[in-house]
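Here is the structure we will look at, set down as structure tokens.
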Amino acid sequence: MNRRRVFLGISLITLSVLMLELSLTRLFSATMYYHFAFMAISLALFGSGASGVFIYIVQRGLKPERTGQWLAVAAMLFALSNLLSLYVILDNPLTFETGPANYYRLARIYTAAALPFFFAGCAVTLAITRLAKEISKLYLFDLAGAALGCLLLIPVLNLIGAINIVLLVSAIAASAGILFGASTGGTRAATVCSLLLAVGLGGLVAYNIKTHRIDIRKSKGFEEKSVLFSKWNSFSRITVEGAFDSGVEIKIDADAATGISRDASNNAIHQNSRDALSALVHHLKRDANVLIIGPGGGNDVMAARVFEQKHITAVEINPIIALDVMSSEPFKSYSGSIYQQPDVRLVVDEGRSFIRSSHDRYDIIQATMVDTWAATAAGAFSLSENNLYTVEAFKDYTTHLTDDGMLTMTRWYFEPPDQLLRLMSLTRAMMNELGISNPARHIMLVRDARTGYDRTPATYIFKRSEFTDEEVRVIERLASEDGFQLLFTPLTRPPNDFTRLIESPDLARTWASFATNIEPTRDNNPFFFNSVRLSNIWRVIEGTSGEWQKTNLGTSILFALFAITSVLVVLFIIGPLLLVRGRALATGAGTKLSYLFYFACLGAGFIIVEVAMIQKFILFLGHPVYSLAVVLFSVLAFSALGSYLSGRISEDRLKSALMKLLPALIVLVIIYIVALPPIFYGLVHLEREFRIVIAVVLMAPLAMVMGMPMPIGIRILARNAPEIIPWAWGVNGATSVMGSVAALVIAILSGFNQALLIGAGLYLIAMFLITRRRASKESGVVEERAVEEAAGV
């Protein structure tokens, strides 16, 4: 067998899997809801685990001399099942309604989408089983392929979109089949079939890029109509819908929307924007230097210009909105070139990152309805985190205000008003840490309840210095004239939860008294939109709480997924015992179980550390997409290097090497927890290119060590228990599923630092298992010989 061709084929398979799983996060967010983006990661890891158990069960029927042909068949099935998966996803749009129909659709989607990952996992597992003695090189190509896929994902996704990436993945998988088929002698049927399939799929990709024949027609239960513009990038699908004579709006993943006003730069025809709830702050501060975070279609910029503010900086995170829509025709002319006005500066950046690297101070900082409903390519790792709404973020805003500057945010009010209550909690915590006293004189909260809808907007204003009575009366007069409801001002303090929270002398006790979780979020666990407590999670699952249910649905899905994956892990460990009773643990049961649990700890520990690191680097690199690409690439690339270096360790030193590597890995994780925050704060002002290089350098030592325990463990298995290698690989994949979910469960309950500590703890358990195996080696050998002699009798 031509090993080099097998290695290259495995690289193409893992490249395809990485690109597929991350592009599916985009596709799931666009066709369903961002809560389901996490499902893509679980599908990929589930496929790895299920395929490992499958290969373990059927391996005796797969003749070694035909390994290349079996690998080619697995690659072709990967390619074909991927097409089926795409069809099922596009043909089964989920709605937000609960009921059997939706659950059936979700079951069909999950089953179909799991198939390509299963067949890809079969190829990888079979290769590892057949080439276990060369695992260091094979694992190098495995991780290197995934690292290359990580590098290619963002530019290719920006270029051709998520649907075409899924089609491209099938073509790449079929190309891997060509290499596999050509790796062994005999019939060339597998090679020819793979070649024809790859050519056909390549043609399909080119055809669809040109025609968009295969595209999203229905999204979140609605058929898309009057689409004037559509484009994908690595963290959204942007459409512009409507008609130029009746109005247009920008939609992000067919859900979050921002309107574009006609001739927005013409102040004379937009004087009515003075009456907008979100514009209240402009009545208090004139000739101001304004920073607007998430300006979208430009309505906040338009309002600031109507008030003739001195200078406006608009920081938009999405380059499609900023450049392809608002700065390009026909929408540039339609909006009156609002972002090209001399008093407006448009910046494409993440708001928090921009502020932390800025030396300017602002009279007004504004953020209106800045949400994370659309999952980024990292959405599967980050769930519903938003680093704009943390105590540290509010400290950044406040320290970038002038002495009498104001921070204003507009969010939705619905019962229970958790988001607005959490804004109050963030403000109280921020004030305490900055030494600002008398909170009741610094906060105002006003609601527009005129529509009578369950969901209405509310605007929060915080002033760095105390509001004067004159300023408060201006807001109260405007509220009276426009029919707004005063939820709190320094002069009007209704007996409601907002007043209780703002005036509370004991914040911890007040937070604990609420049925929902409104405690202030921090960078360590920035889940602003998650307000569900474990005690009331059934309210979300039952689907009886409207907008509150939608906001917290991601948490219920996460906990349900954690329960499901925990059961799957047990099945992947116990299942083979039930199916192959005769040979599973016929000899050396204790030793083999120790090996299995060792690989289980590696799988969970590796993914937990990886997920937590991706989150921690978001603030430093400025966006989840950059963090995902840089951290994931670094982990994969340097783990590949670590795997290669582990191949230089002699057979008789494998166990002693593990006893040095695992403690070193644990110490490194603890060092990173302590050292990363001051490094990030000290270097965040640098240009992003330099920060990316620094991030790669920082991740290199940890990732390199993380890449060694797996291939070393496989080599030990190849010598002592080669028959359970695919089983161990499946267990590793299964616990990776559970670990990826567990990382977020831990982060929601306590924080990402705590997740890192638990990841280190799992490596500690792995070290204990290896130590225990070494200590019991002699007795295990005696036991195995006794069993073998008894069997011979």
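Remarks
- Beta bridges from DSSP with both residues in the chain: antiparallel share about 65 percent, rounded to the nearest 5.
- The slack between TYR87 and SER226, meaning 0.36 nm per residue of separation minus the straight C-alpha distance, is 47.7 nm.
- Relative contact order [Cα under 8 Å, 6+ residues apart], the chain, whole percent: 16
- Residues ASN158 and ALA206, FRET efficiency given R0 of 22 Å [Cβ-Cβ distance, rounded to 0.05]: 0.75
- Pair VAL684, GLU329: separation of 7 Å Cα→Cβ label points (nm): 4.2
- VAL674/GLU433 FRET efficiency (R0 22 Å; Cβ-Cβ; nearest 0.05): 0.65
- With a simple spin-label model that places each label point 7 Å from the Cα along the Cα-to-Cβ direction, the separation between ARG188 and ARG653 comes to 4.6 nm.
- Taking trypsin sites (Lys or Arg not before Pro) across segment 101-209, the ones in a DSSP loop with at most 16 further Cβ atoms lying within 10 angstrom of their Cβ are ARG188.
- When all protein chains stay in place and ligands, DNA and RNA are ignored, the 1.4 Å accessible-area order of LYS655, LYS218, largest first, is LYS218, LYS655.
- Residue pairs, from the table LYS133/LYS616; LYS225/LYS332; LYS63/LYS133; LYS210/LYS332, whose Cα atoms sit over 28 Å apart: LYS133/LYS616
- Applying 1/(1 + (r/R0)^6) with R0 = 22 Å to the Cβ-Cβ distance of SER465 and LYS310 gives a FRET efficiency near 0.65.
- Pairs of alpha carbons in segment 328-477 whose separation is greater than 22 Å (percent): 51
- Entry comment: accessible area of the chain is 37 Å² per residue, from protein heavy atoms only and a probe of 1.4 Å.
- Accessible area (Å², 1.4 Å probe, nearest 10) - GLU224: 40
- Only protein atoms count toward the accessible area here, which uses a 1.4 Å probe; on the chain, the carbon and sulfur part of that area reaches 60 percent.
- Placing unit charges on each Cβ (+1 for Lys and Arg, -1 for Asp and Glu) gives the chain a dipole about its Cα centre, and among PHE394, SER234, LEU8 the Cα reaching farthest toward its positive end belongs to LEU8.
- Sites listed here are GluC sites (Glu not before Pro) in segment 650-701 whose DSSP assignment is loop and whose Cβ has at most 12 other Cβ atoms within 10 Å: GLU687.
- Structure-based [θ]222 nm, the chain - -39500 (n - 2.57) summed over DSSP H runs of at least 4, per residue, nearest 500: -20500 deg cm²/dmol
- Inter-label distance for VAL693 and ALA268, nm, one decimal - labels placed 7 Å from Cα along Cα-to-Cβ: 5.3
- Hydrodynamic estimate: the Kirkwood radius of the chain over Cα pairs, inserted into Stokes-Einstein at 20 °C and 1.002 mPa s, corresponds to D of 76 µm²/s.
- Charged neighbours of GLU433, selected by a Cβ distance under 11 Å, balance to +2 (K, R count +1; D, E count -1).
- Remark: accessible surface ordering of TRP232, TRP70, TRP412 (largest first) is TRP70, TRP412, TRP232, probe radius 1.4 Å.
- Extension gain, ASP287 to ARG345: 0.36 nm times the residue separation minus the Cα-Cα distance gives 19.3 nm.
- When the Cα positions of SER513, GLY247, SER85 are compared along the charge dipole of the chain, SER85 comes out farthest toward the positive end, with charges on each C-beta of Lys, Arg, Asp and Glu.
The values are calculated or read from the model by the stated rules, or taken from the named source; none is laboratory data. Source: prediction; values computed, not measured. In this analysis, Cβ positions are derived from the backbone assuming ideal geometry, glycine residues included, and neighbour counts consider all displayed protein chains. Accessible surface areas use protein heavy atoms only, side chains included; no ligands, DNA or RNA. Shrake-Rupley method; radii C 1.70, N 1.55, O 1.52, S 1.80 Å.
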